[in-house]
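**Student:** Before I ask anything, here is the structure I am working with.
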């Protein structure tokens with residue numbers, strides 16, 4: 001099959017969503033009856049959706065969520081974790097992120113706190129927020145290494161810059177003086193600018 005010149009131009013301009021829609025419309029008999037404006041609207045709609053999906057996928061990859069498939073739609077309110085459905089649905093609006101507020105999820109081990117945090121983080125990614133997930137022991141190990149090899153300013157900027165920083169698995173260990181100092185610096189710099 002010969003490639004249509006318009007299709008080649010769409011691909012050259014990196015309008016991949018429009019190129020896919022163009023290919024599909026070319027073979028549809030009903031599409032021949034559409035006006036030029038309708039064709040253009042369909043192509044533009046597809047491109048907007050394609051780019052939106054790509055941006056969401058990039059934000060989700062960058063977030064590095066432990067449970068990347070966790071979604072607020074999959075929350076089971078019947079489990080014995082005593083989750084307040086109305087409160088969780090309010091949190092799922094991500095208004096608390098827009099207001100740069102913090103959220104602390106507590107409960108016994110194995111109840112699904114990490115999964116719920118990841119579900120909220122995934123929703124934040126869908127809503128256009130940048131997210132970074134890390135376990136606290138890993139965070140402090142990364143910060144210690146960054147202090148030693150000169151990457152600390154860059155790592156610190158990234159931790160402060162994201163819209164939502166998810167700190168998971170605090171554990172029972174006491175924090176060292178340097179860990180407390182680093183954590184306070186992160187919290188202080190994020191205050192009023194991002195959510196934890």
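**Student:** For the chain, find the longest principal axis of its Cα atoms and tell me its angle to the long axis of helix 177-190, 0 to 90°, nearest 10.
**Tutor:** Computed tilt is about 40 degrees.
**Student:** Based on the alpha-carbon gyration tensor of the range 78-131 and its eigenvalue square roots a ≥ b ≥ c, which shape applies: rounded if a/c is under 1.5, prolate if not and a/b is larger than b/c, or oblate?
**Tutor:** Taking the square roots of the gyration eigenvalues as a ≥ b ≥ c, the range 78-131 is prolate.
**Student:** Sort 134, 106, 23 by Cβ crowding within 10 Å, fewest neighbours at the top.
**Tutor:** The most exposed by this proxy come first: 106, 23, 134.
**Student:** Could you state the angle between the C-alpha long axis of helix 36-63 and the longest principal axis of the C-alpha atoms of the chain, as a value from 0 to 90 degrees rounded to the nearest 10?
**Tutor:** Between helix and principal axis, roughly 20 degrees.
**Student:** Work out the FRET efficiency for residue 64 and residue 20 from their Cβ-Cβ distance, taking R0 = 25 Å, and round it to the nearest 0.05.
**Tutor:** The formula returns an efficiency of 0.30 here.
**Student:** When Rg is the radius of gyration of the Cα atoms in the range 16-105 and Rh is its Kirkwood radius, what does Rg/Rh come to?
**Tutor:** We get a ratio of 1.18 for the range 16-105.
**Student:** What is the chain's relative contact order, in percent, from Cα pairs under 8 angstrom and six or more apart in sequence?
**Tutor:** 21
**Student:** Could you work out the helix-only [θ] at 222 nm for the chain, with each DSSP H run of four or more residues adding -39,500 (n - 2.57) and the total divided by the number of residues, to the nearest 500 deg cm²/dmol?
**Tutor:** -17500 deg cm²/dmol
**Student:** Take the alpha-carbon centre of the range 138-196, take the same for the range 26-104, and report the distance between them in whole Å.
**Tutor:** Using only Cα atoms, the two centres lie 28 Å from each other.
**Student:** For the range 110-152, just run the numbers: alpha carbon Rg, then divide by 2.2 N^0.38 Å, N being how many residues it has.
**Tutor:** So the range 110-152 has a normalised radius of gyration of 1.51.
**Student:** May I pose another question? In percent, how large is the relative contact order of the range 1-92, given Cα pairs closer than 8 Å and 6 or more residues apart?
**Tutor:** 22
**Student:** Which percent of the Cα-Cα distances in the range 76-196 go past 26 Å?
**Tutor:** In whole percent, the long-distance tail amounts to 24.
**Student:** How far apart, in nm, are two points set 7 Å out from the Cα along the Cα-to-Cβ line at residue 142 and at residue 169?
**Tutor:** Result: 1.3 nm between the two label points.
**Student:** So, one more: I'd like the orientation of helix 152-161 relative to the chain: the angle between its Cα long axis and the longest Cα principal axis, in ° from 0 to 90, rounded to 10.
**Tutor:** On a 0 to 90 degree scale, this one is about 70.
**Student:** Oh, and also: Run the Debye formula on the Cα coordinates of the range 5-63, all scatterers equal and no solvent, and tell me log10 I(q)/I(0) at q = 0.29 1/Å.
**Tutor:** -1.16
**Student:** Assuming R0 = 30 Å, can you tell me the calculated FRET efficiency for the pair residue 101 and residue 149, based on Cβ-Cβ distance, to the nearest 0.05?
**Tutor:** 0.35
**Student:** Normalised by the number of residues in the range 76-190, what is the relative contact order in percent for Cα pairs under 8 Å and 6+ residues apart?
**Tutor:** Normalised by residue count, the contact order of the range 76-190 is 25 percent.
**Student:** Within 10 Å of each residue's Cβ, count the other Cβ atoms and sort 66, 82, 101 from fewest upward.
**Tutor:** Fewest to most other Cβ atoms nearby, the residues stand as 82, 101, 66.
Computed from the coordinates by the stated procedures, all read-outs in this text should not be read as laboratory data. Everything numeric in this text was worked out from a predicted model, so none of it was measured. Neighbour counts run over all protein chains shown; Cβ positions are idealised from the backbone, glycine included.
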